[in-house]
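Take a look at the structure below.
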Amino acid sequence: MRIIPAIDIINGEVVRLLRGNPHDKIVYSRNPIEVAKKWESAGADMLHIVDLDAALYNGKNNTESISKIIDAVNIPVEVAGGIRSVDAIDKILNMNAARVVLGTIAYTEPELLRQIARRRAGKIVISVDQNNGEVMIDGWRKSTGSGVNEAISLFLPIGIKEFLLTSIHKDGTLSGPDIATLSCANTLSGAKIIASGGVSSIEDVIRVRSIGCSSVILGKALYEGKVNIEKAKMIT
């Protein structure tokens with residue numbers, strides 16, 4: 001199982017939000033490149049960078065900072081947040097990102113996604129952000145009306161295999177991962193599930209691994225010192 005630290009960026013700062021609320025944030029660093037290098041040195045398999053400004057439609061983005069991070073490290077970088085057009089996808093991938101994480105565009109423009117997948121299926125991760133069993137889009141503000149497994153099943157036939165499953169009510173809470181939802185998603189043949197939200201300890205990492213997740217995102221637990229990458233790597 002891959003260990004993937006999250007680097008969430010607002011206005012050039014590394015932050016963690018509580019359940020995606022931009023008004024409930026903690027700033028951990030004003031130097032995202034330094035943080036990226038720190039997690040790389042600790043043994044991270046990949047970095048998960050989220051442009052929260054782009055995701056929240058606030059008229060800003062952190063594209064320049066993300067590009068510098070990609071250039072500064074030697075491990076793969078996946079990029080998420082506000083990637084809602086073919087041009088945006090191409091721009092991120094042309095910066096040498098290993099892959100892009102798509103949410104809103106995947107659900108609202110399925111035919112466009114099929115076209116993109118024909119060329120770049122291996123570069124795409126679908127974001128499955130769920131709240132009370134419903135998959136949410138548009139910065140977690142709008143329901144798609146689909147359940148988790150229903151949503152994943154839409155994308156498997158077009159060649160997309162990686163799914164970032166975030167339980168919104170767990171995100172940033174350190175209350176433990178949503179094992180029931182993750183376990184159910186792992187029953188879908190061919191789907192590689194990346195667990196996100198609520199991880200608070202090495203025991204949580206073990207639990208996520210034991211139910212078959214391909215990767216785990218480490219966020220607040222990592223920044224608060226409750227989990228370290230070296231120990232997580234030892235048990236995965």
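The values are calculated or read from the model by the stated rules, or taken from the named source; none is laboratory data. Nothing here was measured: the structure is a model prediction, and the numbers come from that model. Cβ sites come from the backbone with ideal geometry, for glycine too, and all protein chains shown count toward neighbours.
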Looking at (1) assigned to a helix (DSSP H, G or I); (2) under 24 Å from L174 (Cβ atoms); (3) in contact with a Gly (Cβ under 9 Å, 6 or more places away or on another chain), find the lone condition where A36 falls short.
-> (3)
Output the residues belonging to region 222-236 that are in contact (Cβ under 8 Å) with a residue 24 or more places away in the chain, part of a loop (DSSP other than H, G, I, E, B) and surrounded by fewer than 22 Cβ atoms within 10 Å (Cβ to Cβ).
-> E224, K226, N228, T236
Taking A42, is it touching a residue at least 60 places away in the same chain (Cβ under 8 Å) and closer than 18 Å to G139 by Cβ?
-> no
So how many residues does region 186-221 have that are in a loop (DSSP other than H, G, I, E, B), surrounded by fewer than 16 Cβ atoms within 10 Å (Cβ to Cβ) and either at negative phi or among the aromatic types (F, W, Y) (or both)?
-> 4
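Just checking, how many residues over region 173-187 are touching a Lys or Arg at 6+ places or on another chain (Cβ under 8 Å) and either under 14 Å from V216 (Cα atoms) or among the hydrophobic types (A, V, I, L, M, F, W, C) (or both)?
Initially, region 173-187 is screened for residues touching a Lys or Arg at 6+ places or on another chain (Cβ under 8 Å), giving 173-174, 176-179.
Now narrow it down to the ones that are either under 14 Å from V216 (Cα atoms) or among the hydrophobic types (A, V, I, L, M, F, W, C) (or both): 174, 176-179.
Of the residues in that region, 5 qualify.
Among D24, D71, D45, D8, which is over 23 Å from S200 (Cβ atoms) and not aliphatic (A, V, I, L, M)? Break it down into steps so the answer makes sense when it comes.
Details: D24 fails: over 23 Å from S200 (Cβ atoms); D45 fails: over 23 Å from S200 (Cβ atoms); D8 fails: over 23 Å from S200 (Cβ atoms).
The conditions single out D71.
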Output the qualifying pairs, or none if there are none: Cβ atoms under 6 angstrom, residues six or more apart or on different chains, first residue in region 61-90 and surrounded by fewer than 17 Cβ atoms within 10 Å (Cβ to Cβ) and assigned to a helix (DSSP H, G or I), second residue at pLDDT 95 or above and among the β-branched types (V, I, T).
-> K68/I33; A72/I33
Scanning region 95-126 for residues that are within 15 Å of the chain's Cα centre (by Cα) and of a type outside the set (S, T, N, Q) gives A97, A98, R99, V100, V101, L102, G103, A106, K123, I124, V125, I126
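Mind checking which residues of region 114-155 are within 15 Å of D87 (Cα to Cα) and either crowded, with 23+ Cβ neighbours inside 10 Å or of a type in the set (V, I, T) (or both)? Spell out the reasoning first.
Here is the first cut: in region 114-155, the residues within 15 Å of D87 (Cα to Cα) are 115-117, 119-120, 123-124.
Selection gives I116, I124.
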Count, please, the residues in region 111-147 that happen to be under 21 Å from A195 (Cβ atoms) and in contact with a Gly (Cβ under 6 Å, 6 or more places away or on another chain).
-> 5
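Looking only at residues that are assigned to a loop (DSSP other than H, G, I, E, B) and touching a Pro at 6+ places or on another chain (Cβ under 9 Å) in region 91-103, which one is farthest from L154 (Cα to Cα)? Lay out the reasoning, then the answer.
So in region 91-103, the residues assigned to a loop (DSSP other than H, G, I, E, B) come out as 95-98, 103.
Next cut, touching a Pro at 6+ places or on another chain (Cβ under 9 Å) only: 97-98.
Numbers: A97: 25, A98: 23 Å.
The residue in question is A97.
Of all residues in region 39-53 being assigned to a strand (DSSP E or B) and out of contact with any helix residue (DSSP H, G or I) (no Cβ under 7 Å at 6 or more places or on another chain), which is nearest to I235 (Cα to Cα)?
The extreme case among them is H48.
Does E40 satisfy the criteria of being crowded, with 19+ Cβ neighbours inside 10 Å, farther than 21 Å from G122 by Cβ, charged (D, E, K, R) and at pLDDT 95 or above? Let's see the steps before the verdict.
On the way: crowded, with 19+ Cβ neighbours inside 10 Å: yes; farther than 21 Å from G122 by Cβ: yes; charged (D, E, K, R): yes; at pLDDT 95 or above: yes.
Criteria met by E40.
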For region 122-171, which strands (runs of 3 or more DSSP E) that fit wholly inside it have 2 or more residues that are over 25 Å from M46 (Cβ atoms), of a type outside the set (V, I, T) and in contact with a strand residue (DSSP E or B) (Cβ under 8 Å, 6 or more places away or on another chain)?
-> 142-147
